[in-house]
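Have a look at the structure below, then the notes.
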């Protein structure tokens, strides 16, 4: 096989005058991370990766090394090993609090230990404790995951650096959860765990990076490979595999992206794969649905384009973002309506266009593109406000009719309050298709993929201006109407578990974008097992496919974790974690389900952790010095500006007292004038320290936003007001559902206005979207009769997303029940529900906070 390897164009970045290998030496010592090795074997459309992190201790006392690092958001972390002094310890996966207790106890007893914890889908923390002076410790992580496959091209993406993120909210009292540079806030309770310190530009390369990839096409017609790093073909082997390696000297400052062209998109067809469990009493199936080769005529659309112009988008990224947004607007037709918003810590719109949706005339589109051309990068990334405004612009109404509602977000996604955003917008964006264009060489892909998945859309990642044309062409196809909708399926010859499906609802099919649905089945799978798929094409014709199951090697015969079961478990855990972040009801029960699933399949999640403990005692115990590994400034990011200061690392100090923009950019406060500067080095851990709460900021400033402008005088101290002697009337009785009933009345009016001849698949979509909004509405309300009635309705509406959705009379009955429940619950109650509850007590600092749990 002859394979052409083409380096992907990279965005311009600062020159590296002192590139090299090995550890960085300064007057304060060496950094703990000295090497990073990534070995991947790609087989068809599946990747297995081994990542080795090498730590060392150049100091005269034992240390604990802390490293905040990224991993692919779609990959499952299935194993961890610690090697030191000729001894290798296999890590155990435990419930997270239990794992943390195990680690702390081992360190206190003088044992060598390590722990890996998941902070986000793609952000992790590694702690390696009691590393002896002069000692080297290696941590190995095993990953398994699918490649993204669209338009005949499979993509392997290995992120290498966690970029600085904007951290909104008010700092929390009490100990900080981690050792990062930003204080924990009410909007981001674990901010100190996702904000590693950042190296100043121009430092010699502190980490030796080695990346090697072996590609086994597994029968697919592989033609070319494109790499985001300088890659060379090491060997084309007799067995048909190809080995690629990254040129030595590359810095750990951007994602490694390998794009594999597998011929025409039609090469891979709709298929059903099955993998029996080790006991043979069940297994995992994976359904890949390939859209039919047809171009969908575009229906009238309402489109909102949001352009991120925050400080982190400076340089080539804002240029690419402007071009991408302008090209999307250029593709609109006269039948469409649109709106454009640019945002940082403020939301702005073109002054020559209507405040709402504008007709997509040539003049209006020209004005929008002209406005976008003037957008420059500034301020902080307040993402929630523009998304709220977009949801309001795209809210359903009588005038929307059969129009597609589409939101397109162009951003790098560098925010820390991902859960807050998804929880608040899950209901408001129901029925809106959300597409995301992620622009960065170290993009927050985990969040952007979650946002697109929630909105039943697609996420396109752009790591350079040269890939922009390709990405915008794909987005143009995605914002057209789907080619197949209303997909349902029937199993023949085997029994799938309907509650195990991921995603829970089969997405619509778009041109060139295959859909993968996986789940669990019961019993033995016969050779005749198959799934029959049905749907409706954009032209109104019936569509069907009936793939027969291909049984893969059973888990009992597989070396290592079974790939289908592992990939399903990771995807299912991601679904459940998103439900935990955005849902209501029995969160404790949901947490238990997540932990059980994680432990059963040995896949790391936010509620579990891998912990390795060497039984040998190597120190006298106590608390070792904590050294936090600084990370590179991502490639393509601009260095220090007055609005976005880059600071040399100083000794650890409370960050909340500094201007808030520092928490967003990820840099600690500057060293005192005339004091030492150099690498980012933390002499003591922040865990257990209390962050002082600064006065409320008057206006956002700098990259992080939400704080005073750097250099401005501090706000005047306010004296407490004298108590008001006026007697306070007793609280009035109130109905806790008053505001919600008004919303229920709006939902009732919207459903009642639906024409009687509306197709069944459209009715099911409307009921499914209503269920999403009801789930959000239930949050924070008492478990009374209204809550029980709406919960029962929400559970019934969930059937619209199942493999056998209601049809005919069953759908009519569900529609009638929905109208009846909404009519009853939208009406004001005859009697008040009781006195208003007292305000919650002020939170008290705790010695330890389960920051990974909601409400902790």
Footprinting proxy, 819, 564: sorted fewest to most Cβ within 10 Å, the residues are 819, 564
With the 8 Å Cα cutoff and a minimum separation of six or more residues, the stretch 301-479 has a relative contact order in percent of 25
Considering Cα pairs under 8 angstrom that are at least six residues apart, work out the relative contact order of the stretch 738-826 and quote it in whole percent. 48
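Give me Rg/Rg_expected for the stretch 301-479, where Rg uses Cα atoms only and Rg_expected = 2.2 N^0.38 Å with N residues. Don't skip to the answer; put the middle values down first.
Details: Rg = 14.6 Å, N = 179, 2.2 N^0.38 = 15.8 Å.
Ratio of Cα Rg to 2.2 N^0.38 Å: 0.93.
Let me know the Kirkwood hydrodynamic radius for the stretch 442-525, please, with Cα pairs as the basis and the value in Å to one decimal.
Details: mean 1/r = 0.0658 Å⁻¹.
So the Kirkwood estimate lands at 15.2 Å.
How would you rank 437, 551, 42, going from fewest to most other Cβ atoms within 10 Å of each one's own Cβ? Display every interim value, and only then the final one.
Details: 437 30, 551 16, 42 25.
Neighbour counts put them in this order, fewest first: 551, 42, 437.
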Please work out the ratio of the alpha-carbon Rg of the stretch 738-826 to 2.2 N^0.38 Å and round it to two decimals. 1.04
Taking the Cβ of each residue in 294, 313, 126 as the centre, tally the other Cβ atoms inside 10 Å and list the residues starting with the fewest. 294, 126, 313
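The numbers here are math on the coordinates, done by the rules we state, and not lab data. This structure is a prediction, so every number in the text was calculated from the model and none was measured. Heads up, the Cβs are rebuilt from the backbone with ideal geometry, glycines too, and the neighbour counts pull from every protein chain shown.
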